[in-house]
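Okay, so here's the structure we're looking at.
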Amino acid sequence: MTNIEKRYIIDSNKLSGESYFNSLLQEAYTSGLINQSDLENIQLQCISLLAYKSERYNMGESSSIRVETAESIMKSIFYTIGLYLKSLSNSDYAITKLKSEKISEMYERGRKLIYSRFREAKHIYEMVLSNRIETLNHSYNSTLSENGIGIFFKSYNIEYEAYDIPASIDYQLCNPVNDLAGIEYIQKYLENLYLENVFCINFATDSIHYLLYGYDKGYPDLLVNIFEQVLTAALGCSLANRNIRELYISQEDIQYLYEKLLKYDKYTLLLNIHKAAESIFEEFYITNYLLKKYIEKSLPKIATNIEIAIRLNTLNRVFITSKNPDLEPRIQFKSGVKMDDEEYRRLIEELIRCRYTSDKLELIKKKVKSFDDLEDILIDAQLEEDEFISLFNTLGDVEIAAMIKRHPFEWDFKNVNTSEAEHVLQLYLESYIKQLPGSRRECIFQIAEQLLEVDAEI
Amino acid sequence: MNAFPSLIQKQAVDEIQECNDFTVKFGLTLSRQDAIELVETRNLSLKKYGRVEFGGGVINKIIKEFCDSPYISMNNYVGTLHELIEIFYFYKNETLDLISDDELIKFMKNSFDGKCQGSIELLSERELAKMARNLRYGYAPDYSEDSGCEEEDEDDQY
């Protein structure tokens, strides 16, 4: 019993953070703090405030507005009053104010509060921009950009849409902001993001890049939370007695961790994770109370991930082994010199005229000496499916892999503008790959991943 | 709360009846029953077109603007007003609220007396529809695409 809290008539846990005013009225009415007549009085005051705001919205030029617009203005009024009432010491006191003060006065106080919160949020946004992480992750960068959260500070309509969040926010936080709207949401989101950045900038940009690359090669396009990955890796390093700053956990470490953590029950696991977090605080001299709280708030989520991973024996998906993309094995592929245009044209004409598949294959085999030419022929020579297959059969794994890399049959927004002939090639290539034995298919895909095309010498 | 709408309604009816002082010189008057029905039409139109109105005054403005029209007499006065009120709210939506009440009423009056020669149908289906389209596409309310072509056609006839 460390905290003794005063009990209030209205249970604040039952109040909604997003529509505070409405839920407060509901709770107050249910618990008898306000009666029917108070409620009607508040309703009438809200309607006359809505009438006043609607007139201002129309700039006196129109006496009527659309129902949706009126609803939006009303919602904005409720949000603004709610923000003021939320700023009071407790919900019972808020009810006293609600009964004694005029709705228009409370609205004005709420409006002033929103203006000051807006300035605060803008300041935090600048702080977040100054301590941002250097990363390739698109959702992180776009959310922080002028076209992401930046839009909010240009488009936020305090007067008529105070509850709205006119911003493009894709980046997912480790501890998402729930049950808040308007300026409150943005402020909380930015505060959390700031704390995540403060933690992440303790690590080298490259270490974070290698870690995320180890998580997924396509991490720049993923909706992945960087802080969560970094914190998990740091905890893993601490648990495996590795250097926390490097964020590197080897496969052997993961095996060691698996054997170590398997013995723990849920409580002991969480306790050990908390201890590991303490060692991280010590390592980086983290004394910021808010940051410590934020990290501690993230620990149960990470502990659950670890617990599930131990059960499923997939700990390597939680503790990621960093990977340096520059050190990955590469297969260099050179296409060879393309044939002369005139000669190519003659070959295509001959291939189109030719009736027999075997003759066509013989011709291609004899005349085509470079991969680029072969690719062009597949697109231009109007070959049938069985001819494609026969031709693919004559190719080695590397050539097939190079063909897949140039014509990926998995949908990609980059190849929406492919021609019909290229699309046909993709389809035949896909059906050819599908009928290959599994081991060869895997081998080809692996080669495709490691393939590095080198420009042909001219 | 129940007294609230009827109080506003009574006020609106009184305001409409006060317009009689102004329109009587054009030989046009409204009975109390007429005024009540006009307010009902306004309420129905607002509901039908998904709008809310806090102040009153639109009916009064329509009455005062249209009372000197050569196409309105006591015979068609009330009926025309009902139709004008409904058209008004319909085109407030159709114009995306880009035009003020006064401008819309003025446009309706000019078209009604001018090009439409007193035809409510032409006013609603042709002139106002064209004006609403113009506003939605960012043109001036009276912009006409085929004005140039018409002139050419006229020249061709001679």
If I take every Cα pair under 8 Å that is 6 or more residues apart in chain B, average their sequence separation and divide by the length, what percent do I get for the relative contact order? 19
Label point distance in nm, A:L223-B:I8, each placed 7 Å from Cα along Cα→Cβ: 4.2
Which chymotrypsin sites (Phe, Trp or Tyr not before Pro) in region A:290-346 pass both tests, a DSSP loop state and at most 14 other beta-carbon atoms within 10 Å? none
Counting only other chains, what is the mean number of Cβ atoms within 10 angstrom of the Cβ of each residue in peptide A:63-75? 5
Farthest toward positive dipole pole in chain A [+1 Lys/Arg, -1 Asp/Glu at C-beta], among A:N324, A:I165, A:H407: A:I165
So how do A:E449, A:E328 line up by other beta-carbon neighbours within 10 Å, fewest first? A:E328, A:E449
If R0 is 45 Å, what FRET efficiency do you get for A:K405 and A:Y256 from their C-beta distance, rounded to 0.05? 0.75
Efficiency by 1/(1 + (r/R0)^6): what FRET value for A:T357 and A:R330, r their Cβ-Cβ distance, R0 = 51 Å, to the nearest 0.05? 0.90
Note the angle between two axes, namely the Cα long axis of helix A:357-367 and the longest principal axis of the Cα atoms of chain A, as a number of degrees from 0 to 90, rounded to the nearest 10. 90
On the formula 1/(1 + (r/R0)^6), with r taken between the Cβ atoms of A:M59 and B:N43 and R0 of 25 Å, the FRET efficiency rounded to 0.05 is 0.50
Label model pair A:V337, A:Q450: point-to-point distance (7 angstrom along the Cα→beta-carbon line) in nm is 3.0
How many lysine pairs in region B:47-131, separated by 8 or more positions in sequence or lying on different chains, have Cα atoms less than 16 Å apart? 14
Compare the peptides B:105-112, A:226-233 by average per-residue count of other Cβ atoms within 10 angstrom and give them in order, highest first. A:226-233, B:105-112
In degrees, nearest ten, helix A:438-450 long axis to first principal axis of chain A (Cα): 70
Answer rounded, prolate or oblate for the protein assembly as shown, using the Cα gyration tensor with square roots of eigenvalues a ≥ b ≥ c: rounded when a/c is under 1.5, else prolate when a/b is larger than b/c, else oblate. oblate
In terms of the charge dipole of chain A, which places +1 on Lys and Arg and -1 on Asp and Glu at the beta carbon, the residue among A:T80, A:G236, A:L427 farthest towards the positive end is A:T80
Neighbour cut-off at most 14 other Cβ (10 Å), DSSP loop, GluC sites (Glu not before Pro), region A:10-92: A:E61
Between A:D11 and B:N76, the two model label points (7 Å from Cα along the beta-carbon direction) sit apart by a distance in nm of 6.7
When a/c is below 1.5 the answer is rounded, else prolate if a/b is larger than b/c, else oblate, so apply that to region A:47-156 with a ≥ b ≥ c taken from the square roots of the Cα gyration tensor eigenvalues. oblate
Out of B:G57, B:G138, B:G79, any idea which swings most in a Gaussian network model of chain B, alpha carbons joined below 10 Å? B:G138
Residues meeting the amide H criterion for A:E453 (H placed from the backbone, H to H distance under 5 Å, 5 or more places apart or on another chain) are A:F333
Three-way shape label, region A:82-121, alpha-carbon gyration tensor, a/c 1.5: oblate
Fewest-first ranking of A:R330, A:R441, using other Cβ atoms within 10 Å as the exposure measure: A:R330, A:R441
Go ahead and collect, in residue order, the members of region A:359-402 whose backbone nitrogen is under 16 Å from a label point 7 Å along the Cα-Cβ direction of A:C443. A:393-402
DSSP-loop chymotrypsin sites (Phe, Trp or Tyr not before Pro) across region B:6-105, with at most 12 other Cβ within 10 angstrom: none
Work out the mean other chain Cβ neighbour count within 10 Å for the residues of A:365-373 and drop it here as an integer. 0
Tell me the relative contact order for chain A as a rounded percent, counting alpha carbon contacts under 8 Å between residues six or more apart. 11
Would you mind ranking A:V177, A:V128 by Cβ crowding within 10 Å, fewest neighbours first? A:V177, A:V128
Inter-chain shielding of A:53-62 (mean C-beta neighbours from other protein chains, 10 Å cut-off): 4
Taking the Cβ of A:M106 as the centre, find all other residues whose Cβ is under 13 Å away and add up their charges (Lys, Arg: +1; Asp, Glu: -1). +4
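None of the figures in this text is laboratory data; all of them are computed from the coordinates on show. All figures in this text were calculated on a predicted structure; none of them were measured in a lab. Glycine also receives a Cβ, built like all others from the backbone with ideal geometry; neighbour counts cover every protein chain displayed.
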